[in-house]
1. Please give the charge dipole size of the chain, origin at the Cα centre, charges +1 on K and R Cβ atoms and -1 on D and E Cβ atoms. Round to the nearest 20 debye.
2. Amide H neighbours of Val131 under 5 Å, counting only residues 5+ apart in sequence or on other chains, H built in-plane at 1.01 Å?
3. Out of [x] 17.1; [y] 19.5; [z] 18.0, which label holds the value of Kirkwood radius over Cα pairs in Å that was computed here?
4. Rounded to whole Hz and in sequence order, give me ³J(HN,Hα) for the stretch 182-188 from the Karplus expression 6.51 cos²θ - 1.76 cosθ + 1.60, θ = phi - 60°, writing x for Gly and Pro.
5. So how much accessible area does Ser155 have, in Å² to the nearest 10, using a 1.4 Å probe?
6. Under a plain spin-label model, where a point goes 7 Å from the Cα along Cα-to-Cβ, how far apart in nm are Arg46 and Arg63?
7. Percent antiparallel among DSSP beta bridges with both residues in the chain, to the nearest 5?
8. For Arg51, list long-range residues whose amide hydrogen, built 1.01 Å from N in the peptide plane, is under 5 Å from its own amide hydrogen.
Amino acid sequence: MTNSEQVSRPQEPPGTAPEAGAAARRDWAWTRLETPIGPLLLAATREGLVRVVFHADERTARRELTRLEQFFGGPQTAAVPHLATATAELTAYFAGELQSFTVPLDWSLSSGFHARVLQALAAGVPYGGVVGYQDLADRVGEPGAARAVGAAMGSNPLPVVVPCHRVVASDGGIGGFGGGLETKRLLLALEGVLPAPLF
């Protein structure tokens with residue numbers, strides 16, 4: 001059985017529902033970056049890059065910014081340095097000039113098992129490499145949790161930078177992907193894992 005992500009869009013960040021209560025006010029800022037895989041919404045705090053959203057058209061961006069405002073206790077504040085760093089590094093990545101991100105990451109939109117899996121992925125699967133769902137479950141000491149690893153990939157608040165596109169199915173397929181399979185193919189082709197598309 002193929003273990004794949006169960007969501008087609010990134011899930012809501014934890015704690016963004018109104019009943020979760022207002023968060024303490026935190027400084028954050030956002031921008032939209034045009035890329036070969038479509039516009040990305042990037043958000044950062046003073047701790048680091050906190051959110052990357054695929055297909056960030058006006059409607060998607062508005063919806064995500066409402067969630068982030070709820071989570072961080074208000075609208076964006078003055079620019080935070082990590083946002084400029086993330087923008088520059090992602091621009092270089094898509095130009096084929098960067099293979100390893102150095103921007104600090106703010107993990108406040110992930111927790112528990114999901115955060116452990118995503119942190120293991122970020123630290124242990126380099127550019128041009130791939131890992132299976134089962135292998136990643138083994139790496140975090142949860143050998144029976146391959147399906148849960150798929151759910152963790154679907155909850156990833158920092159796709160591309162935390163490379164969930166590098167997690168593939170054990171049967172040789174590329175597995176699922178919250179940003180869409182074509183986006184996953186393009187990212188894997190950029191990194192040399194798959195042949196570049198002909199058109």
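1. Working: 16 positive and 19 negative charges, 51 e Å.
It comes to approximately 240 debye.
2. Val167, Val168
3. From the options [x] 17.1; [y] 19.5; [z] 18.0, the structure gives [x].
4. Once θ is set to phi - 60°, the couplings for the stretch 182-188 become 5, 5, 4, 4, 5, 5, 5 Hz.
5. Roll a 1.4 Å probe over it and Ser155 shows about 20 Å².
6. Modelled inter-label distance: 3.2 nm.
7. Numbers: 10 of 13 bridges.
In the chain, DSSP labels about 75 percent of beta bridges as antiparallel.
8. Ala43
The values are calculated or read from the model by the stated rules, or taken from the named source; none is laboratory data. From a predicted model like this one, the values you see are computed outputs, not experimental measurements. Heads up, the Cβs are rebuilt from the backbone with ideal geometry, glycines too, and the neighbour counts pull from every protein chain shown. Surface accessibility is based on the protein's heavy atoms, side chains included, excluding ligands, DNA and RNA. Shrake-Rupley method; radii C 1.70, N 1.55, O 1.52, S 1.80 Å.
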